[in-house]
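Report on one structure; see the data block that follows.
The values are calculated or read from the model by the stated rules, or taken from the named source; none is laboratory data. Because the structure is predicted, anything quoted here is derived from the model rather than measured. We place every Cβ from the backbone using ideal geometry, glycine too, and count neighbours over all the protein chains shown. Protein only, heavy atoms only, side chains kept; ligands, DNA and RNA dropped before computing areas. Shrake-Rupley method; radii C 1.70, N 1.55, O 1.52, S 1.80 Å.
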Amino acid sequence: EDRVWCNERFGELTGYPLPESGIVSSDVWHSGLHPQDRERVRESLECAIGTGAKIWGDEYRFALADGTYGTMLSRAHIIRDETGKPVRMVGAMMDLTDRQRAEMEMAELSRRNEMILDAAGDGIFGVDLEGRATFLNPAASRMTGFTIEQRHDETVHRTVHRSRADGTPVPFHECPSCSAVQRAETIGATDGLFSRADGTLLPVEYTTTPMRDESGE
């Protein structure tokens with residue numbers, strides 16, 4: 001009958017007042033779709049109905065009563081009669097606006113942090129729990145002659161801290177960088193030696209500091 005029943009939550013999400021019955025024309029939903037999303041969403045819905053699908057879902061922008069657009073996710077179950085003809089849909093609309101905003105803010109923060117690391121004059125390494133290099137900023141690459149692409153599967157120990165001044169190898173368990181990760185404590189060295197890609201040794205002063213998540217791990 002081209003009608004949609006909406007609960008109170010729909011009115012709260014969109015800001016639109018609803019009649020006491022909660023029943024509105026389907027045009028309320030269709031007209032609320034962002035012009036750039038409208039045709040795509042209609043096509044995906046028609047495709048789901050026409051191909052006999054039981055579930056339809058899509059993400060889109062929806063006009064709110066205050067004149068802005070919110071990012072919504074709809075999921076609906078297509079109910080059919082015994083012949084397979086669609087008779088109605090039962091679904092839900094979820095507001096993704098806050099999540100999308102948070103994701104954008106996190107992406108911007110990550111971009112700024114990357115710019116800071118790239119601009120730093122000190123060489124900076126990222127190391128995982130197995131001691132593998134996960135990040136080298138440009139200064140670290142210039143100092144050592146290595147790039148993260150060349151050493152993404154190697155430990156920092158094997159890459160830059162493999163030998164002493166006399167050429168004898170440094171055992172893995174004596175590597176300060178690896179020990180810092182394994183022991184979860186900050187370790188520094190004022191008279192360290194790193195091996196460059198060309199085989200020469202680079203005198204360094206460095207600190208390795210474990211990073212912890214919210215739970216302290």
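Within the shell of other residues whose beta carbon sits under 10 angstrom from the beta carbon of residue 137, the net charge comes to -2, with Lys and Arg scored +1 and Asp and Glu -1. A convex hull fitted around the alpha carbon atoms of the range 62-181 yields 214 Å³ per residue.
Using a 1.4 Å probe on the protein chains only, how many percent of the accessible area of the range 1-138 belongs to carbon and sulfur?
Working: 4950 of 9250 Å².
Its accessible area is 54 percent carbon and sulfur atoms.
Rounded to the nearest 500 deg cm²/dmol, what is the calculated helix-only ellipticity per residue at 222 nm for the chain, with -39500 (n - 2.57) per DSSP H run of length n ≥ 4? Walk me through the numbers on the way to the answer.
Working: 7 runs with 72 residues, N = 217.
The helix contribution divided over the chain gives -10000 deg cm²/dmol.
Among 206, 11, 35, flag the residue with its Cα farthest along the positive direction of the charge dipole of the chain, charges on Cβ as +1 for Lys/Arg and -1 for Asp/Glu. Farthest towards the positive pole: 206. Using the alpha carbons alone, the radius of gyration of the range 114-183 stands to its Kirkwood radius in an Rg to Rh ratio of 0.98.
Sorting the segments 99-111, 45-57 by their mean number of nearby beta carbons within 10 angstrom, highest to lowest, gives 45-57, 99-111. By the Cβ rule of 4.7 Å, the chain holds the following cysteines without a possible disulfide partner: 6, 47.
Calculated from the structure, volume of the Cα convex hull per residue in Å³ equals which of (1) 118; (2) 211; (3) 148? Read-out taken from this structure: (2). Rolling a 1.4 Å probe across the protein heavy atoms gives the chain an accessible surface of 66 Å² per residue.
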